[in-house]
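Submitted below is the structure of interest, expressed as structure tokens.
The values are calculated or read from the model by the stated rules, or taken from the named source; none is laboratory data. Since the model is a prediction, treat every value here as computed from it, not as a measurement. In this analysis, Cβ positions are derived from the backbone assuming ideal geometry, glycine residues included, and neighbour counts consider all displayed protein chains. Ligands, DNA and RNA are stripped out before the accessible areas are found, and what is left, the full protein with its side chains, is counted by its heavy atoms. Shrake-Rupley method; radii C 1.70, N 1.55, O 1.52, S 1.80 Å.
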Protein chains: 2
Amino acid sequence: MTNGVTGGIRKRVLIVGGGFAGLKAAEALADAEVNVTLVDRRNHHTFQPLLYQVALAVLSPADIAQPIRAMLRSPNTQVLMDEVTGFDTAARRATLKSGTVLEYDYLILATGSTHSYFGKDEWEHLAPGLKTIEDAVEIRRRVLLAFELAEGQMQETGRHPALNFVVIGGGPTGVELAGAISDIAKLYIRRDFKHIDPATARVLIVEGSPTILGAYPEDLQQSALKQLAELDVQVRTNTRVTDVQPGYVVVDGHERIDSVVTLWAAGVQASPLGKLLGVEVDKRGAVLVDEQLHPVGHPEIFVCGDLAHAMSEGKPVPGVAQPAMQMGDYAGKTIALEVKGEKMKKPFHYHDKGDMATIGRSAAVANVKWPFKGHLSGFPAWISWLVVHIFFLIGFRNRLSVFRNWAWTYLFFTDGSRLITGDMQLPGWDVEDNPQGALTTKPIEAVSQP
Amino acid sequence: MTNGVTGGIRKRVLIVGGGFAGLKAAEALADAEVNVTLVDRRNHHTFQPLLYQVALAVLSPADIAQPIRAMLRSPNTQVLMDEVTGFDTAARRATLKSGTVLEYDYLILATGSTHSYFGKDEWEHLAPGLKTIEDAVEIRRRVLLAFELAEGQMQETGRHPALNFVVIGGGPTGVELAGAISDIAKLYIRRDFKHIDPATARVLIVEGSPTILGAYPEDLQQSALKQLAELDVQVRTNTRVTDVQPGYVVVDGHERIDSVVTLWAAGVQASPLGKLLGVEVDKRGAVLVDEQLHPVGHPEIFVCGDLAHAMSEGKPVPGVAQPAMQMGDYAGKTIALEVKGEKMKKPFHYHDKGDMATIGRSAAVANVKWPFKGHLSGFPAWISWLVVHIFFLIGFRNRLSVFRNWAWTYLFFTDGSRLITGDMQLPGWDVEDNPQGALTTKPIEAVSQP
């Protein structure tokens, strides 16, 4: 079984993963004399930097996701919705879940990363993370449902569990989720309820290390803390979550913090496909690659994006969108040169334009490295974030829709995509679910200042 | 426990159901001296006439659904996301799933209808119907997944199960679904696949009665048949589905028709809440009401919309959006008059503006009764349908977005919201799931002309 599209002596390139790296690689190969097969478990590419906006009901899934087939129209490229289950790197073959076997001359592996619960997989149901459209819709369901359940219970009993939202992890995703929950509660849905005051919601970030946004310069970390405090988001650093239960979390082994919705933004591990290659991986499961993005001994394999443990200028390349796109582009261009009998002359170099994280409506931090160097905070950082992300969405037909939805929500504090789909259960809300008995209504403050 | 918002001697109106009837009733009561509580299981109103466009990947869920709270902002109105589990009509009380008990002076019951599988509930998983956003997303998943699985299997084995889509039921929903599947296969995704030709897909409507669109005049039925034939949609009338299995359906007890995706548009039954009232219901479970929409002996109860078995000018009122809105409005206005000490003078009268059903891109039939009388077919009917539905969406902030998505898809044959979320399983696709062995690849024609 071959996977040639037009047959003949063209080299076959197999790209696994339709994220930023995989798409960029396919684009770089669109005019090359090769046959490209891109395999992804999903039919759509997800614009991950905006996933949290779906989770927090500002955008719709279709605003930030697009069918991979529709994005890759080159005649030399085919797309398969399937899952790789094994590699035979000696024979240059990949086996798919459906049973299909794909032969390749070049392999570009870019399946990214997934949540890591540090061996506590039973926490996943209680504290969902944010990697996929499904994750985002589930988080949206839980956050909105908490307010609905509180309204109903207030009506019935005159009290309700404290609306505590605990975000585990103080990286960019945790900060974005926490800020957005605070915005929802204090701004967007405040007028919607008659019995409860959504603004009484408390949001807490629990971070194990001494600082939030560990990858940012200290002044921006401080600025982020200040902006979070203005949103009433509490932050506890140097605090380890030792248990997650329905309705609460336990920190540092002894302190219980009630939580109607717990979210996971703490750890990622590399996609398991890295290990299937049979080459060296780091402790996160990421594949160690050389300056050309090859694992040792495999010049026909490129590992790109979050799945790669790559170095650039002596520093590890971070696992975010920009370097993923640059790696995919590098791998694609290298192959395009090689099939013409030429050679890629330069090693991979990460052109770091900087990082930015939003904190809420009009709040953000940006560590800009290109086209100028500087640290931005607050509104200027937020505007930069907006412009950069809308610019990124070029190629997404939904750019205008996304912009309009943002503008609308920003100006009118209303609507968005606040649909609750799925069932009405929230783990830990019902007393029966809670092995420790009824939830206390202690606010986080009472617990967090012993 | 009372459900008064401001207390005092205001009458309490309980509206159950946030569909067209319930919302219109609440609107009619927005300025009345009453306290209104609207209870719905979901947090959103669904614009059901466009659900099939979500199912067939043109629109996003948020385009046609909106949080009920955001639609009802009157200070006299509260919204509860909960489910009514019982009535004590003597004591004028409703019990909710959460345990809350709501007392009322007036009850407006408008919980609509749901699919009826005629006692064969095990068919539901194999042939989903289209009533909710979740249903629409599930149908979208199945239809798009069938093409993805075929592409993968073609690559592996050089063949794939025939892409037969069977729609059970030839009413407006069945016709709309069938036409839209044909459009998707022949127009929108045709360029997306390298191994299969989506245009080989076959769509079949199976209808038990002698005609499709039974409620329409005969010339429009004929026109609809002709338009469906132009889309290659086959129609078999006088044909009863006697079994639904993974991968196929059985008709008239002996004939097997392969089907990769089977959809249910055959029967509805009234919401079970009608029976909970303890009053007379018809065989569909709809509540028999008098000219004022009251069940016998209950002048404080109104039953509206699809749940009501109501008559107007000697004819049964159909279970569609227009009469539901008019009934809700009538019930609300009646109460508003009564609390002022006045009386509603006229019985409920259904002002029938006509019916329309789309058949596909640029194809439709319309039986117009107001503002003029006439039968429209083809493009003029389709344009009327478009205008009427966009007009209906007034109040939905997403009207422009809906229009833009339509226009875009119409002009460029592309994109829409073609996301597959959820798992990759399709009942009957895998041989293991199919008790009858592997699917045959006989097209429907071969079977349907014995």
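Search the range B:296-308 for residues being more than 16 Å from the chain's Cα centre (by Cα) and under 13 Å from B:G112 (Cβ atoms), and hand back the single one that is surrounded by the fewest Cβ atoms within 10 Å (Cβ to Cβ). Full working, then the answer.
Of all residues in the range B:296-308, those more than 16 Å from the chain's Cα centre (by Cα) come to B:296-304, B:308.
Remaining after also requiring under 13 Å from B:G112 (Cβ atoms): B:303-304, B:308.
On the way: B:V303: 32, B:C304: 34, B:A308: 29.
It comes out as B:A308.
Among the residues of the range B:162-188, what is the count of those that are surrounded by fewer than 24 Cβ atoms within 10 Å (Cβ to Cβ) and part of a loop (DSSP other than H, G, I, E, B)?
Of the residues in the range B:162-188, 2 are surrounded by fewer than 24 Cβ atoms within 10 Å (Cβ to Cβ) and part of a loop (DSSP other than H, G, I, E, B).
Give the range A:193-234 a look and list any residue that's farther than 13 Å from A:F165 by Cβ and in a strand (DSSP E or B), or say none.
Once the filter is applied, which keeps residues that are farther than 13 Å from A:F165 by Cβ and in a strand (DSSP E or B), the range A:193-234 yields nothing.
Residue by residue, here is whether (1) under 30 Å from B:V303 (Cα atoms); (2) not small (G, A, S) holds:
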site: B:S223; (1), (2): no, no
site: B:Q227; (1), (2): no, yes
site: B:R240; (1), (2): no, yes
site: B:Q245; (1), (2): no, yes
site: B:G267; (1), (2): yes, no
site: B:V281; (1), (2): yes, yes
site: B:L288; (1), (2): yes, yes
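Just wondering, is there one or more residues in the range B:160-177 that are under 24 Å from the mean Cα position of the chain (by Cα) and among the hydroxyl-bearing types (S, T, Y)?
Yes, the conditions are met somewhere in the range B:160-177.
Being surrounded by 22 or more Cβ atoms within 10 Å (Cβ to Cβ), in the same structural domain as A:T358 (by TED's automatic domain parsing) and at positive phi, is that true of even one residue in the range A:211-224?
Yes, because at least one residue in the range A:211-224 is surrounded by 22 or more Cβ atoms within 10 Å (Cβ to Cβ), in the same structural domain as A:T358 (by TED's automatic domain parsing) and at positive phi.
May I pose another question? May I ask you to say which residue of B:K345, B:K353, B:K315, B:K333 is open to solvent by 60 Å² or more (accessible area, probe 1.4 Å) and within 30 Å of B:V233 (Cα to Cα)?
B:K353
Conditions first: (1) open to solvent by less than 10 Å² (accessible area, probe 1.4 Å); (2) at pLDDT below 95; (3) among the aliphatic types (A, V, I, L, M). B:V137 passes all but one, so which condition is the exception?
(1)
Then there's this: List pairs: first in the range A:204-221 and without any contact (Cβ under 8 Å) to a residue 40 or more places away in the chain, second in a helix (DSSP H, G or I) and aliphatic (A, V, I, L, M), Cβ under 9 Å, 6+ apart or cross-chain?
A:I205/A:V175; A:I205/A:L177; A:I205/A:A178; A:I205/A:L228
When only residues in the range A:18-50 that are hydrophobic (A, V, I, L, M, F, W, C) and within 13 Å of chain B (Cβ to nearest Cβ) count, which is nearest to A:V320 (Cα to Cα)?
Restricting to residues being hydrophobic (A, V, I, L, M, F, W, C) and within 13 Å of chain B (Cβ to nearest Cβ), the top hit is A:F47.
Pull up the range A:9-45, narrow it to residues that are touching a helix residue (DSSP H, G or I) at 6+ places or on another chain (Cβ under 8 Å) and free of Cβ contacts under 8 Å to residues at least 40 places away in the same chain, then point me to the one that is nearest to A:S113 (Cα to Cα).
Applying the filter and picking the extreme gives A:H45.
Across the range B:87-128, what is the number of residues that are open to solvent by 30 Å² or more (accessible area, probe 1.4 Å), closer than 22 Å to B:G328 by Cα and among the aromatic types (F, W, Y)?
1
In addition: Within the group B:S74, B:S98, which residue is polar (S, T, N, Q), more than 23 Å from B:V137 (Cα to Cα), touching a helix residue (DSSP H, G or I) at 6+ places or on another chain (Cβ under 6 Å) and within 14 Å of chain A (Cβ to nearest Cβ)?
Among B:S74, B:S98, only B:S98 is polar (S, T, N, Q), more than 23 Å from B:V137 (Cα to Cα), touching a helix residue (DSSP H, G or I) at 6+ places or on another chain (Cβ under 6 Å) and within 14 Å of chain A (Cβ to nearest Cβ).
Report those strands (runs of 3 or more DSSP E) wholly inside the range B:251-364 carrying at least 3 residues which are of a type in the set (A, V, I, L, M, F, W, C) and touching a residue at least 24 places away in the same chain (Cβ under 8 Å).
It comes to B:261-264, B:301-303, B:354-360.
Among the candidates A:A110, A:A178, A:A127, single out the residue that is modelled with pLDDT of 95 or more and closer than 30 Å to A:G86 by Cβ.
A:A110
Oh, and also: Please determine whether any residue of the range B:63-80 is open to solvent by less than 10 Å² (accessible area, probe 1.4 Å), touching a Gly at 6+ places or on another chain (Cβ under 6 Å) and not small (G, A, S).
Yes, the range B:63-80 has at least one match.
Is the range B:163-178 home to any residue that is touching a His at 6+ places or on another chain (Cβ under 7 Å) and in the same structural domain as B:T421 (by TED's automatic domain parsing)?
There is no residue in the range B:163-178 that is touching a His at 6+ places or on another chain (Cβ under 7 Å) and in the same structural domain as B:T421 (by TED's automatic domain parsing).
Give the residue, chosen from B:V34, B:V58, B:V39, that is touching a Ser or Thr at 6+ places or on another chain (Cβ under 8 Å) and aliphatic (A, V, I, L, M).
Only one candidate qualifies: B:V58.
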